[in-house]
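Student: This is the structure I want to talk about, given as structure tokens.
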Amino acid sequence: MKKILFIDDSALMRRIFCDIINSDHRFVVEDTAADGLEGLKLVKEKSYDLILLDLMMPKMDGITFLKKMNQMQYPAKVVIFSMVAGEGTHITIEALSQGAADFITKPQSIEEIQSEKFKTLFFKIISSVVFEDETDITNLHESERPESKMHESDANLHKHNGNVIAGLMKKKDKKSHGQPAKKVVAIASSTGGPKALMEVLPYLPADLDAPVLVVQHMPAGFTDSLAKRIDSVSKLKVQEASDGMTLEKGNVYIAKGGFHMEIRHKNRADRICLFDGCTREGVKPCANYMFESLANSKFQEVVCVVLTGMGADGTEGIENLKCSKTVYVITQSKETCAVYGMPRAVDMAELTNESVPLDKVAEAIIKNVGVMKDGC
């Protein structure tokens with residue numbers, strides 16, 4: 001039975017969700033707290049398998065709580081649970097960048113909370129985070145997430161191994177390089193991905209000799225904020241992908257939430273194509289489409305990177321891509337994943353060339369792609 005700490009300043013929410021969580025024999029609410037300060041005292045004394053965390057609370061808010069937990073290197077996984085944790089909000093990006101594995105938008109009414117639809121979604125999300133080694137758990141369809149109002153929050157500086165990277169790696173003049181690229185980097189990530197991407201993309205040099213494609217499983221309205229957040233601390237230009245964009249060195253293109261992304265060769269250039277199709281592997285965007293589409297591109301070599309995430313998205317796409325292109329596959333090592341599902345599927349299919357800890361992924365990419373010579 002998995003032990004849960006539920007942190008929320010509403011006594012009513014604590015009571016209702018204790019009943020909901022305890023109704024599933026796999027979970028038990030071990031403790032509750034009314035704010036981050038109370039929660040911090042508890043985590044210093046006890047161990048939990050999962051922490052459900054509200055963001056807007058008195059005394060200590062959820063973001064501050066996450067930062068304190070990071071300083072403590074506390075092992076429990078965190079799922080954000082808040083009315084402001086909806087798609088596309090800056091505060092959600094901040095929480096995910098600080099290490100939260102996933103988020104749940106708090107329903108607007110008691111009736112909705114007690115509905116079977118919400119309970120199914122709720123348990124699906126927390127199960128995927130807690131039971132990361134279960135093979136029958138798939139990623140959430142983006143349309144399963146409830147709608148939420150947009151909120152603004154100042155983004156705080158991200159820290160990597162105790163060193164502030166904002167400012168140090170902040171670019172002054174990000175340039176696009178018009179020369180055709182022979183190589184391309186294609187990255188797939190899901191649960192825990194925003195934090196992982198924050199520990200990979202900012203460490204790639206401005207003169208990386210390839211464009212970078214990213215599929216992060218996220219619903220619509222979310223990826224633009226993610227791209228801007230990562231761009232603020234990266235030497236490469238990081239942007240949400242738009243239909244028809246030409247792939248250029250020095251650029252990172254993050255698939256738009258709620259749309260699949262393919263690469264198609266049009267008008268003598270490899271360009272991004274976004275399309276709104278059915279989910280694949282239970283998700284949209286799906287990395288399999290991105291990987292497979294590179295088979296018809298003009299790139300000679302593809303470096304595929306599979307980071308933390310549940311499910312198996314990426315495996316089939318890489319396997320199909322290897323039939324027609326020279327492919328080098330890097331996966332994130334199990335011990336550094338929030339959820340090992342996606343890298344594990346690639347590893348088990350024996351497609352992996354190199355499995356490395358998260359803090360070595362950027363180095364592995366640079367080693368296999370190289371940097372531009374004389375700025376070209």
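Student: Sort out which residues of region 338-376 are within 23 Å of the chain's Cα centre (by Cα) and among the small types (Gly, Ala, Ser), and write them in order of number.
Tutor: The answer is Ala338, Gly341, Ala345, Ala349, Ser355, Ala362, Ala364.
Student: Here are some conditions: (1) exposed (fewer than 15 other Cβ atoms within 10 Å of the Cβ); (2) modelled with pLDDT under 95; (3) of a type outside the set (Asp, Glu). Arg26 meets all but one. Which one does it not meet?
Tutor: (2)
Student: Among what's in region 305-337 and is among the polar types (S, T, N, Q) and either within 13 Å of Leu294 (Cα to Cα) or buried (at least 24 other Cβ atoms within 10 Å of the Cβ) (or both), pick the residue that is farthest from the chain's Cα centre (by Cα).
Tutor: Step one: filter region 305-337 for residues among the polar types (S, T, N, Q), giving 308, 315, 320, 324, 326, 331-333, 336.
Filter once more, so that each one left must be either within 13 Å of Leu294 (Cα to Cα) or buried (at least 24 other Cβ atoms within 10 Å of the Cβ) (or both): 308, 315, 320, 324, 326, 331-332.
Numbers: Thr308: 8, Thr315: 17, Asn320: 24, Ser324: 28, Thr326: 27, Thr331: 15, Gln332: 13 Å.
The selected residue is Ser324.
Student: Looking only at region 39-64, how many residues end up being among the acidic types (Asp, Glu) and buried (at least 23 other Cβ atoms within 10 Å of the Cβ)?
Tutor: Initial filter on region 39-64 (among the acidic types (Asp, Glu)): 45, 49, 54, 61.
Filter again for buried (at least 23 other Cβ atoms within 10 Å of the Cβ), leaving 54.
Qualifying residue count for the region: 1.
Student: Could you tell me which of the residues Lys175, Lys170 is modelled with pLDDT under 90, farther than 29 Å from Pro357 by Cβ and either among the basic types (Lys, Arg) or assigned to a strand (DSSP E or B) (or both)? Outline the logic, then answer.
Tutor: On the way: Lys170 fails: farther than 29 Å from Pro357 by Cβ.
The conditions single out Lys175.
Student: Say whether the condition of being under 19 Å from the mean Cα position of the chain (by Cα), modelled with pLDDT of 90 or more and not basic (Lys, Arg) is met by at least one residue in region 10-22. Walk me through how you get there before you give the answer.
Tutor: Initially, region 10-22 is screened for residues under 19 Å from the mean Cα position of the chain (by Cα), giving none.
No, every residue in region 10-22 fails to be under 19 Å from the mean Cα position of the chain (by Cα), modelled with pLDDT of 90 or more and not basic (Lys, Arg).
Student: Residues to consider are Thr308, Thr326; find the one that is free of Cβ contacts under 8 Å to residues at least 60 places away in the same chain, in the same structural domain as Val214 (by TED's automatic domain parsing) and under 22 Å from Val356 (Cβ atoms).
Tutor: Numbers: Thr308 fails: free of Cβ contacts under 8 Å to residues at least 60 places away in the same chain.
Thr326 is the lone residue from the list that is free of Cβ contacts under 8 Å to residues at least 60 places away in the same chain, in the same structural domain as Val214 (by TED's automatic domain parsing) and under 22 Å from Val356 (Cβ atoms).
Student: I'd like to know if region 65-74 contains one or more residues that are of a type in the set (Lys, Arg) and closer than 22 Å to Arg229 by Cα.
Tutor: Yes, some residue in region 65-74 is of a type in the set (Lys, Arg) and closer than 22 Å to Arg229 by Cα.
Student: Do we find that Lys298 is touching a Ser or Thr at 6+ places or on another chain (Cβ under 9 Å), assigned by TED's automatic domain parsing to the domain that holds Leu226 and of a type in the set (D, E, K, R) in this structure?
Tutor: Details: touching a Ser or Thr at 6+ places or on another chain (Cβ under 9 Å): no; assigned by TED's automatic domain parsing to the domain that holds Leu226: yes; of a type in the set (D, E, K, R): yes.
Spelling it out, it is not the case that Lys298 is touching a Ser or Thr at 6+ places or on another chain (Cβ under 9 Å), assigned by TED's automatic domain parsing to the domain that holds Leu226 and of a type in the set (D, E, K, R).
Each row is one residue, and each column tells you yes or no for (1) assigned by TED's automatic domain parsing to the domain that holds Thr336; (2) under 15 Å from the mean Cα position of the chain (by Cα); (3) free of Cβ contacts under 8 Å to residues at least 12 places away in the same chain; (4) part of a helix (DSSP H, G or I).
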| position | (1), (2), (3), (4) |
| --- | --- |
| Val184 | yes, no, no, no |
| Pro194 | yes, yes, no, yes |
| Ala210 | yes, no, no, no |
| Leu213 | yes, yes, no, no |
| Lys235 | yes, no, no, no |
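The values are calculated or read from the model by the stated rules, or taken from the named source; none is laboratory data. Please read these numbers as outputs of a predicted model, since none were measured by experiment. FYI the Cβ positions are ideal-geometry reconstructions off the backbone, even for glycines, and counts take in every protein chain you see.
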